[in-house]
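Reviewing the structure listed below.
The values are calculated or read from the model by the stated rules, or taken from the named source; none is laboratory data. Computed from a predicted model, the values in this text were never measured in an experiment. Here the Cβ is made from the backbone with ideal geometry for all residues, glycine too, and neighbour counts use every protein chain on show. Protein only, heavy atoms only, side chains kept; ligands, DNA and RNA dropped before computing areas. Shrake-Rupley method; radii C 1.70, N 1.55, O 1.52, S 1.80 Å.
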Amino acid sequence: MNAPRPALRTLDDALADLLGRVVPLARVETVSTFEADGRVLAQDRVSGLQVPPQDNSSMDGYALRCADLQAGAPDAAWPVSQRIPAGSEAQPLQGGTLARIFTGAPVPAGADAIVMQEDTETLSDGTVRVLRAPQAGQWIRRSGEDVARGDVVLRAGQRLSPAQMGLAASIGLAELPVVARPRVALFSTGDELVMPGTVPPQAMKPGAIYNSNRFFLRALLQRLGCEVSDLGIVPDRREATVQALREASAGHDLILTSGGVSVGEEDHIKPAVQALGSLDLWQIAIKPGKPFAYGRVGSAHFIGLPGNPVSSFVTFAVLVRPFLLKLQGAASTTTPVTRMPAHFDWARPDKRREFLRVRRNAQGGLDLFPNQSSGVLTSVAWGDGLVDNPPGHAIARGDAVSFIPWSDLLA
Ligand code: AMP
Ligand code: MG
């Protein structure tokens, strides 16, 4: 007799359950700021200085005191008392003079504005006329206007990207404490799988297919900051699966597999994980991507993704990504969503929440890939994101829908 079908659970419920099982990694390492792209900061960073350090000029021109200018005749020619290139030290401004100044150079004490050189005229004797008087404070960048000494510039849990790396450098940090990379063991299951490069297309046996999941899953993991041990393809045999899992559990934070998580006789993941640890098979009410397995093998987490390439890709995006972000201590694990108009009809929605492969068009709307089957990886490659469509929700052309761009998701 068949076991009763487990009830479908919502994605939100499954995600909350999954995240509830994650304790962020305690391992912290120090990396060069150059190498910090994509890593999660482990401790707050506080600025030990003002940025900019002094008031400085944002123009090439002359530093002056507005009161001097007002006291003089409109066509007065002023002597130039000092020259201040960027990187040099300024002397206090002598009354009744201008100081030649360049972009980034410190404003001399006593000066309260910069006149840009285009608004001046240099006479043959070297004196300078100011053709247009600046306002007080003009073209001066104030000390600390970017960062004040004592500011928390970067917070623990922030995922670092090029802008944060530059900001860290601007407060003098050559190294940053980041959470260690999650160590992930990846393997694919399925006797039908053949590695590209081992058999040419014309020599593929009936029933054989190339292993595509391995390629995108490895890249997705690496983009999310993981160190991947790629254990290749595990044959559809119980013993081989147990052996692979046992090996993978040592020295890894997560074992990620694709395929073999349905409940057919050739799906060996479930009994193998259960033999070594614990496993829950979740039926999640999403399309594509219904079967999903979570368990533990030793101290490692286990996640089993469905074998269908699109299901694998989508479940990675909506479940594994937040899981890995939390594992690295990221403060935010939410999936970014924007509202955009659908430029298509979706008249027969599924009872499950659907993730439709779509692409932004030049008219500011979303086009739908015509074949939404979970085996059609072209839909993912053609598309540039997903529409997150609620259960049973029909879409008419022009409706606003929730769009999740790959660019945000996979960055
Ligand atoms: P399974 O979940 O093992 O029943 O696999 C579901 C479907 O996905 C089958 O059609 C498999 O051939 C296919 N599949 C499983 N693993 C992969 C893979 N690594 N690359 C491409 N297709 C796969
Ligand atoms: Mg299989």
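Side notes on the structure shown:
- Candidates Ser373, Ser402 - the one that is among the hydroxyl-bearing types (Ser, Thr, Tyr) and farther than 19 Å from Leu11 by Cα: Ser373
- For the stretch 223-238, the set of residues classified as farther than 13 Å from Val320 by Cβ, within 27 Å of the chain's Cα centre (by Cα) and open to solvent by 50 Å² or more (accessible area, probe 1.4 Å) consists of Glu227, Leu231, listed by residue number.
- Test for Asp191: is it touching a residue at least 40 places away in the same chain (Cβ under 8 Å), within 36 Å of the chain's Cα centre (by Cα) and under 30 Å from Thr241 (Cβ atoms): yes
- Gly95 vs. criteria on the phi > 0 side of the Ramachandran plot and assigned to a loop (DSSP other than H, G, I, E, B): no
- Candidate set: the stretch 357-372, residues that are under 19 Å from Gly307 (Cα atoms) and more than 22 Å from the chain's Cα centre (by Cα); chosen: the one surrounded by the most Cβ atoms within 10 Å (Cβ to Cβ): Gln372
- The stretch 373-393, residues that are within 17 Å of Trp346 (Cα to Cα) and either open to solvent by less than 40 Å² (accessible area, probe 1.4 Å) or at pLDDT below 95 (or both): Ser374, Ser379, Gly383, Gly385, Leu386, Val387, Asp388, Asn389
- Selection of strands (runs of 3 or more DSSP E) fully inside the stretch 210-320 by the criterion of at least 2 residues being touching a residue at least 60 places away in the same chain (Cβ under 8 Å) returns 254-258, 278-283, 291-297, 300-305.
- Matching option when the condition is more than 15 Å from ligand 2 (Cβ to nearest atom), open to solvent by 40 Å² or more (accessible area, probe 1.4 Å) and among the aromatic types (Phe, Trp, Tyr), among Phe215, Phe302: Phe215
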